[in-house]
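Novice: Sharing a structure below in C-alpha cells format, with a few things to ask.
The values are calculated or read from the model by the stated rules, or taken from the named source; none is laboratory data. Since the model is a prediction, treat every value here as computed from it, not as a measurement. Because the Cβ atoms are built from the backbone with ideal geometry, glycine has one as well, and the counts that use them run over all protein chains shown. These area figures cover heavy atoms from the full protein model, side chains too; ligands, DNA and RNA do not enter into them. Shrake-Rupley method; radii C 1.70, N 1.55, O 1.52, S 1.80 Å.
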Amino acid sequence: QVQLVESGGGLVQPGGSLRLSCAASGSISGINVRAWYRRAPGKQRELVARITSGGSTTYADSVKGRFTIFKDNAKNTVYLQMNSLKPEDTAVYYCNAVRFVREYWGQGTQVTVSS
C-alpha cells in the first residue's frame with residue numbers, strides 16, 4: 001500500500017502562485033509515475049502534470065509554461081509549483097502515484113483562484 005498526503009492548497013488571487021506538496025509513504029519502492037490531477041466543479045478529472053521515475057515530465061496544454069512538477073526523492077515528495085494562476089485553475093487537486101500497475105490517490109486539496 002502507498003499513502004499519499006497532499007498539502008499547500010488555498011485561496012489565491014489571479015496571477016498569484018501556490019506550491020502543492022504530495023508526500024508518499026508505505027510501499028514506495030516500485031513507484032514509477034507520480035502525477036497531479038484536478039477536478040473542477042462540473043467537470044471531469046483531468047491530468048495536470050506527470051513525472052516519471054526517470055524525471056521525464058508531461059503537462060496539460062492549459063498549464064504549460066505556468067506549472068512545474070518536480071520531486072525530492074530523499075523526501076519521497078512531489079511538488080507542483082503553480083504560477084500565474086487563473087480563475088479556471090480553481091479545482092480540487094489530487095496527487096497520484098502508480099506502483100507497478102496499481103494507482104493510488106491522495107485525499108485532494110482545494111485550490112481557489114479568485115479576487
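Novice: What residue, among those in region 83-104 that are assigned to a loop (DSSP other than H, G, I, E, B) and of a type in the set (Val, Ile, Thr), is most open to solvent (accessible area, probe 1.4 Å)?
Specialist: 101
Novice: Checking the structure you have, find out if any residue of region 6-20 is of a type in the set (Ser, Thr, Tyr) and part of a loop (DSSP other than H, G, I, E, B). Please lay out each step first, then the result.
Specialist: Start the filter on region 6-20 by keeping residues that are of a type in the set (Ser, Thr, Tyr), which leaves 7, 17.
Applying the additional criterion that residues be part of a loop (DSSP other than H, G, I, E, B) yields 17.
Yes, the conditions are met somewhere in region 6-20.
Novice: Only one residue in 106, 54 is under 10 Å from the mean Cα position of the chain (by Cα), farther than 21 Å from residue 16 by Cβ and not basic (Lys, Arg), so which one is that? Steps first, answer last, please.
Specialist: Details: 54 fails: under 10 Å from the mean Cα position of the chain (by Cα).
After applying the criteria, what remains is 106.
Novice: What number of residues within region 4-18 satisfy the criterion of being surrounded by fewer than 14 Cβ atoms within 10 Å (Cβ to Cβ) and under 25 Å from residue 56 (Cβ atoms)?
Specialist: Result for region 4-18: 1.
Novice: May I ask you to list the residues in region 68-113 that are closer than 20 Å to residue 14 by Cα and without any contact (Cβ under 8 Å) to a residue 24 or more places away in the chain?
Specialist: 68
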